Amino acid sequence: MDLLTVKDAAMLKGCSEQYVQKLCKSGKLSCVTEMNERNRPRYMIPVSSLSAELQTRYYKQKGETKAAEIQLKHSLEPVKTIEDFTAQQRELIQKWITILSDWQQCRENYAGHKTEADKLYIAKCKLEHPDVKVSMDIIYRKWAAYKKGELQGLCENRGGSNRGKSHIDPEIWEQFCYLYLSENKPTVSRCYELTKTWTAINYPDAAADFASEQSFRRRIKTEIPQAVLIYMRDGDKAMKDKCLPYISRMYDQLHANDVWIADNHTFDIQSYDEDSGMIHRLYLTAFLDAKSGVLVGWNICDSPNSQSTIIALRHGIMRFGIPKAVYFDNGREFLTHDVGGKGHRSRKTDNEELEPPTILQRLGIEMHNAIVRNAKAKPIERTFSTVTLQFARMFEGYCGGTIMQRPESLKRRIKDGKLPCDFEVRELLEDWIDGDYNVQQYGGSESSFKGMSRIEVWNKDIKRVGVRKAAEADLNLMLMRSTRVQKVKRNGVFISIAGEKVWFYDPEDTYRHLGEEVYVRYDPADLRQVRVYSSEDKYLWTWRSANELLVDYITETKEEISDAMAVQRRTQRFIKAEAKEITEGLNSDRRIDLAAAAALKAADGKSAFKIIMPTNVIVVRADEENEEICQKAAGDSVVIDLAKMNRNIEKRKEE
């Protein structure tokens, strides 16, 4: 491979050495860096990295036949016509043709030296064409391309006729891609240096003509699709979110209250708990109408839970009616057995026959669950972004969603006690949702609702289909929590609150139903009593709390023990009284105990006891025959000699 010094390259190009060095440092001209005898870098330019014209000139000066080969190869390259360029490129080509024509006309009309005419025209051109970068080098380069008929040279910002001609061996490119296309996201410069070192070890011949870093950067842009780049460096999820075709949801056939979307959101607000004085972040459970974008119901809580979901749903139903369907993600606060069922969390081993109806089933609401790990399936997230931008940032306690978004003055505000209290966040949120968010402009794509607010869209569309409503008393019953099917035990039935069993019973009735399968509906806000239903969902009884039966293991309060024992005695009296009622109606003259009843039954059945021998008798004989015992003559009787038998016994004893 032929290498040129900076001085030789400058003479060949007809420019200064400083200009060539600048090209080498910036990577615009491929070169090999060597260390000279003074331990300073020296640039060596491969002849192959120069344009075909300069290569031809170089080999002609050396008198080699290779110059003709390069010239022939250059002449065989396809020439681009004006149709091969884009509209923007064609416009730029035409502009440069006009500039070059004016430049030549200016030179012809100028009486003095041509170089002076060039300087005057450059100043004039900069005023007339401020959007075009003009200099003497550029003018000469464009003129050379114009004379050769190379239109591509007129639409390029840089004049190198070897643009895009840098060569990177396939093996080197593959190694670079292997390093660069990694989820560790190394920089281009780092991968370039590592690839260069790898090439010097494995392909020393190619290392001398190694392409510049800019060549690798250009090839990344031109040869690696953006989707592939994102997939390899950012991962599968990023590729799906940014590169795959998105699904456009059609809202034409959707009406108000058809689907409500539910989710939880952590407020980006640090606030004080009024009771404990602790600083924390509250959570919002919200339901959004999919048609209009109205926030129909919500609840603020300390942490997301199923009870907060029920409260938010009840709030929405009381204001806007009962929806036809709800859209949940796969959080535990939504997929609870008594709220909407387990959804995607259900197992084959679950016995659906023993599960009582869920709250959504009682209300006639269908439940739909988002696909697991599908961020695109939660449109309410855009609403929560609005909550952060328009609501959370209005508070002194705004803390941002990440550490990078946290205001620097937050620590000072916490120290100065300028954080809001929880009740302030709750009160302002209620006013903001209905007074600001729900009256903002509708953001959907349906032209019939253009210019309307969200609540106006809901009001207009709900007239087409009507609204489903329930009386408050019925709604309270349908929104009650429920347990799984359980058996009535000695203490009655129970519900689990914070991992503890709370019992409910009726001292006059519980003992009658021991072992029966039932389930319990209850209101967590009022645990004084519960409603008990059969496993077939039939209402049975209302039982009250059995607080009297809850006594500490070690207690010095006599009243607690006496109350619990009073419950036992009371239940005992009811059992004895009912047992007495069962038998006291019988006449005492006819009453008998178990022994007499058994004797009566035996006497009654004795007459039916008869032994009937069959006519066929099978005779069983002993091994020894005794004439006195085995006499079977007709009319003779059997004679047993007991004295003789006794004598024989005495003889056997003596022997």
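Every number here is computed from the coordinates shown, using simple stated rules; none is lab data. Everything numeric in this text was worked out from a predicted model, so none of it was measured. Note that each Cβ is placed from the backbone with ideal geometry, even for glycine, and that neighbours are counted across all protein chains shown.
Worth a mention:
- Peptides 133-145, 503-515, ordered by how many other C-beta atoms sit within 10 Å of their residues on average, highest first, read 503-515, 133-145.
- Peptides ranked, highest mean first, by Cβ atoms within 10 Å: ranges 477-488, 641-652, 257-268: 257-268, 477-488, 641-652
- Fully extended contour minus Cα-Cα distance, from A525 to T98, at 0.36 nm per residue: 145.3 nm
- Ranking I311, Q270, C301 by how far each Cα lies toward the positive end of the dipole of region 259-311 (charges on Cβ) leaves I311 at the top.
- Sum of side-chain charges, Y272 neighbourhood, beta-carbon under 15 Å (Lys, Arg +1; Asp, Glu -1): -4
- Neighbour net charge for P170 - beta-carbon separation under 12 angstrom, K R +1, D E -1: -3
- Around Y442: net Lys/Arg minus Asp/Glu count, Cβ-Cβ under 12 Å: 0
- Alpha carbon convex hull of region 170-242, projected area averaged over orientations, nm²: 4.8 nm²
- Segments 188-194, 288-294 sorted - mean Cβ within 10 Å per residue, highest first: 288-294, 188-194
- A Förster radius of 22 Å combined with the Cβ-Cβ distance from C106 to Q18 puts the calculated FRET efficiency at roughly 0.15.
- Alpha-carbon centroid distance for the pair region 165-214 / region 403-481, whole angstrom: 55 Å
- Of K7/K221; K22/K142; K185/K221, those spanning more than 28 Å from alpha-carbon to alpha-carbon: K7/K221
- Vicinal HN-Hα couplings computed from phi for region 513-518 (Karplus, 6.51 cos²θ - 1.76 cosθ + 1.60; Hz; Gly/Pro x): 10, 4, x, 6, 8, 9
- With a Cα cut-off of under 29 Å and a minimum spacing of 8 residues unless on different chains, the lysine pairs in region 417-521 number 6.
- Spin-label pair E500/S276, simplified geometry with 7 Å Cα→Cβ offset, distance in nm: 1.7 nm
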